[in-house]
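Worksheet: the structure to be examined is printed underneath.
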Amino acid sequence: MKKEDLRIVYMGTPDFAVESLRCLVEGGYNVVGVITMPDKPIGRHQDVLQPSAVKKYAVEHGLKVLQPERLKDEAFLEELRSLKADLQIVVAFRMLPEVVWNMPPMGTFNLHASLLPQYRGAAPINWAVINGDTETGITTFFLKHEIDTGEIIQQVRVPIADTDNVGIVHDKLMMLGGELVVDTVNRILDGSIKPIPQENLIGAETLLRPAPKIFKDTCRIDWFGKNVKQIYDFVRGLSPYPAAWTELCAPDGKVQVLKIYETKKVFCVHDYSVGTVVTDQKNELKVAVADGFICLEEIQLAGKKRMNVVDFLRGARLDAGYSVR
């Protein structure tokens with residue numbers, strides 16, 4: 001079968017999924033339908049509907065778009081069947097019921113932003129950086145019942161630099177993901193794939209790391225339970241979004257939420273209590289940790305703009321006695 005004859009249904013929602021769709025469309029593949037999330041209400045009164053990034057791209061390129069509320073809804077399933085897809089591709093979408101992923105004769109494959117079987121779950125890029133990994137990657141695999149457990153088709157390894165935040169790693173994986181999706185389709189077409197069960201990649205000593213969804217409480221910095229390196233990795237693993245945060249406590253008892261986007265690490269011995277804020281009021285703002293200091297580089301107080309620490313200190317007066325918790 002030629003790529004122009006292969007009928008593809010593509011499923012995805014955020015920016016991460018746009019690149020793979022773009023590569024398919026610009027590569028001349030026959031995308032007969034795009035499935036994405038319903039438009040999201042935004043604004044103070046929730047009266048403005050915002051389409052997903054994937055929908056925006058699909059509409060701009062004249063692709064058929066379906067936005068089911070429920071993936072088991074019979075009307076949606078009938079419309080999906082009418083597309084007569086040979087192959088379905090899923091990138092950053094949602095968990096599919098078997099009636100959906102088992103529909104096309106060539107199956108359904110997913111692009112996942114980790115080296116499976118590691119980091120199964122909703123936030124693999126964040127957790128790889130948070131855990132201080134020096135390598136991550138992308139995986140294409142066929143869907144089966146349990147989430148992120150299907151047979152692996154292909155993988156590409158990607159280094160993580162010590163200065164990379166999750167935004168940088170996200171963009172690296174997004175661009176490589178588009179290439180891998182196209183290559184996977186080509187290999188399915190020419191029959192050269194040899195899927196590998198994930199169980200074959202799990203040794204007796206393997207400790208699988210999960211990648212659960214990240215919530216607000218997940219993003220709170222634990223100054224007392226983590227060391228300098230762990231806090232540094234935690235911050236970059238949540239930057240630029242959703243961002244690590246802490247509470248800045250003034251001597252008079254006033255507490256403000258402080259988001260932290262970028263830091264530097266300093267390892268040293270000191271006499272400060274953990275959580276103590278130390279500053280020269282001009283260029284340096286740092287927090288004492290058990291094995292050194294976390295130097296704050298880019299921050300944002302609640303209700304204020306995100307800014308570098310020099311600009312912050314120019315407009316703020318942090319007297320002795322400030323701390324974080």
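Given the residues Ala123, Ala75, which is the only one that is of a type in the set (Gly, Ala, Ser), within 24 Å of Leu180 (Cβ to Cβ) and modelled with pLDDT of 95 or more?
Values: Ala75 fails: within 24 Å of Leu180 (Cβ to Cβ).
Unique residue meeting the criteria: Ala123.
For the stretch 102-148, how many residues are of a type in the set (Phe, Trp, Tyr) and surrounded by fewer than 22 Cβ atoms within 10 Å (Cβ to Cβ)?
Number of matching residues: 1.
Condition check: in contact (Cβ under 8 Å) with a residue 12 or more places away in the chain and in contact with a strand residue (DSSP E or B) (Cβ under 7 Å, 6 or more places away or on another chain). Does Gly107 satisfy that? Full working, then the answer.
Numbers: in contact (Cβ under 8 Å) with a residue 12 or more places away in the chain: yes; in contact with a strand residue (DSSP E or B) (Cβ under 7 Å, 6 or more places away or on another chain): yes.
Judged against the criteria, Gly107 is a match.
Right, Ala288: at pLDDT below 95 and in contact with a strand residue (DSSP E or B) (Cβ under 6 Å, 6 or more places away or on another chain) or not? Can you show your working first?
Values: at pLDDT below 95: no; in contact with a strand residue (DSSP E or B) (Cβ under 6 Å, 6 or more places away or on another chain): yes.
Here the answer is no, as Ala288 does not meet what is asked.
Being outside the structural domain of Gly137 (by TED's automatic domain parsing), of a type outside the set (S, T, N, Q) and either surrounded by 21 or more Cβ atoms within 10 Å (Cβ to Cβ) or more than 24 Å from Asp171 (Cα to Cα) (or both): is that true of Lys2 here? Give the derivation first.
Values: outside the structural domain of Gly137 (by TED's automatic domain parsing): yes; of a type outside the set (S, T, N, Q): yes; either surrounded by 21 or more Cβ atoms within 10 Å (Cβ to Cβ) or more than 24 Å from Asp171 (Cα to Cα) (or both): yes.
In short, yes.
Any residue at all in the stretch 172-184 that is at pLDDT 95 or above, surrounded by fewer than 22 Cβ atoms within 10 Å (Cβ to Cβ) and within 14 Å of the chain's Cα centre (by Cα)?
Scanning the stretch 172-184 turns up at least one residue that is at pLDDT 95 or above, surrounded by fewer than 22 Cβ atoms within 10 Å (Cβ to Cβ) and within 14 Å of the chain's Cα centre (by Cα).
When residues of the stretch 102-137 are filtered for being assigned to a strand (DSSP E or B), under 30 Å from Met1 (Cα atoms) and under 12 Å from the mean Cα position of the chain (by Cα), how many remain?
1
So which residues in the stretch 221-238 are among the hydrophobic types (A, V, I, L, M, F, W, C) and either surrounded by fewer than 16 Cβ atoms within 10 Å (Cβ to Cβ) or not in a loop (DSSP other than H, G, I, E, B) (or both)? Reasoning before the result, please.
Initially, the stretch 221-238 is screened for residues among the hydrophobic types (A, V, I, L, M, F, W, C), giving 221, 223-224, 228, 231, 234-235, 238.
Those that are among the hydrophobic types (A, V, I, L, M, F, W, C) and either surrounded by fewer than 16 Cβ atoms within 10 Å (Cβ to Cβ) or not in a loop (DSSP other than H, G, I, E, B) (or both): Phe224, Val228, Ile231, Phe234, Val235.
Residues checked against (1) touching a helix residue (DSSP H, G or I) at 6+ places or on another chain (Cβ under 8 Å); (2) surrounded by 15 or more Cβ atoms within 10 Å (Cβ to Cβ); (3) in the same structural domain as Ile138 (by TED's automatic domain parsing); (4) in contact (Cβ under 8 Å) with a residue 60 or more places away in the chain:
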{"position": "Pro38", "(1), (2), (3), (4)": "no, no, yes, no"}
{"position": "Ala53", "(1), (2), (3), (4)": "yes, yes, yes, no"}
{"position": "Ala75", "(1), (2), (3), (4)": "no, no, yes, no"}
{"position": "Leu80", "(1), (2), (3), (4)": "yes, yes, yes, yes"}
{"position": "Ile89", "(1), (2), (3), (4)": "yes, yes, yes, yes"}
{"position": "Pro97", "(1), (2), (3), (4)": "no, no, yes, no"}
{"position": "Val100", "(1), (2), (3), (4)": "yes, yes, yes, no"}
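Out of the residues in the stretch 74-117 that are touching a Phe, Trp or Tyr at 6+ places or on another chain (Cβ under 9 Å) and polar (S, T, N, Q), which is farthest from Ala128 (Cα to Cα)?
Of everything passing the filter in the stretch 74-117, Gln88 is farthest from Ala128 (Cα to Cα).
Under 15 Å from the mean Cα position of the chain (by Cα) and hydroxyl-bearing (Ser, Thr, Tyr) - does that describe any residue in the stretch 149-171?
No.
Quick check, is Gln46 under 15 Å from Thr13 (Cα atoms) and either free of Cβ contacts under 8 Å to residues at least 24 places away in the same chain or not acidic (Asp, Glu) (or both)? Write out each step before concluding.
Values: under 15 Å from Thr13 (Cα atoms): no; either free of Cβ contacts under 8 Å to residues at least 24 places away in the same chain or not acidic (Asp, Glu) (or both): yes.
Criteria not met by Gln46.
The values are calculated or read from the model by the stated rules, or taken from the named source; none is laboratory data. Predicted model only: the values in this text are computed from it and were never measured. Cβ atoms come from the backbone with ideal geometry, glycine included; neighbour counts cover every protein chain shown.
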